[in-house]
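Here the structure comes first, spelled out in structure tokens, and everything after it is commentary.
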Amino acid sequence: MCLINVETDMNYVEEIKSRVTARDLFQFYGFEINRGGFCKSPFSSNAKTPSLKVYDEGRGWYDFSSGHGGDIIDFVREYFNLGFADAQKKINDDFRLGLKIGEPLTREQQLEADR
């Protein structure tokens, strides 16, 4: 029986965050970020002015209209209504990072994990 390597998948969080900045992620998904680092909130239906702050250097985001915030994985989870693992996989696929997220363990890896 091959299991999904959850422990290794958890280690991909830092790898993903080091390779994809919040600004890159928001722009990839079509958000226009102004000079101050703000864009319109996708979580507030009546947002007329930018209320979502995208922090430089990959630090994450905060939506002042809804009170939601977090890192890029949190944003993908909320925006696309995905679970943690699926959000990692979506970023991996969309940005073509080539990480082996969610792949089954080989027989040798399973034996090593059982030890």
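Structure data summary
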read-out: Long-range amide H partners of G69 with built H, under 5 Å; value: D63
read-out: Gyration tensor verdict on the range 17-115 (Cα atoms; rounded if a/c is under 1.5, prolate if a/b is larger than b/c, oblate otherwise); value: prolate
read-out: 15 Å beta-carbon shell around D63, net charge (K/R +1, D/E -1); value: +2
read-out: Accessible area per residue, Å², the range 17-115 with all protein chains present, probe 1.4 Å; value: 63
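The values are calculated or read from the model by the stated rules, or taken from the named source; none is laboratory data. A quick note: this is a predicted structure, and the numbers were derived from the prediction, not measured. Because the Cβ atoms are built from the backbone with ideal geometry, glycine has one as well, and the counts that use them run over all protein chains shown. Surface areas here come from the heavy atoms of the whole protein model, side chains and all, with no ligands, DNA or RNA. Shrake-Rupley method; radii C 1.70, N 1.55, O 1.52, S 1.80 Å.
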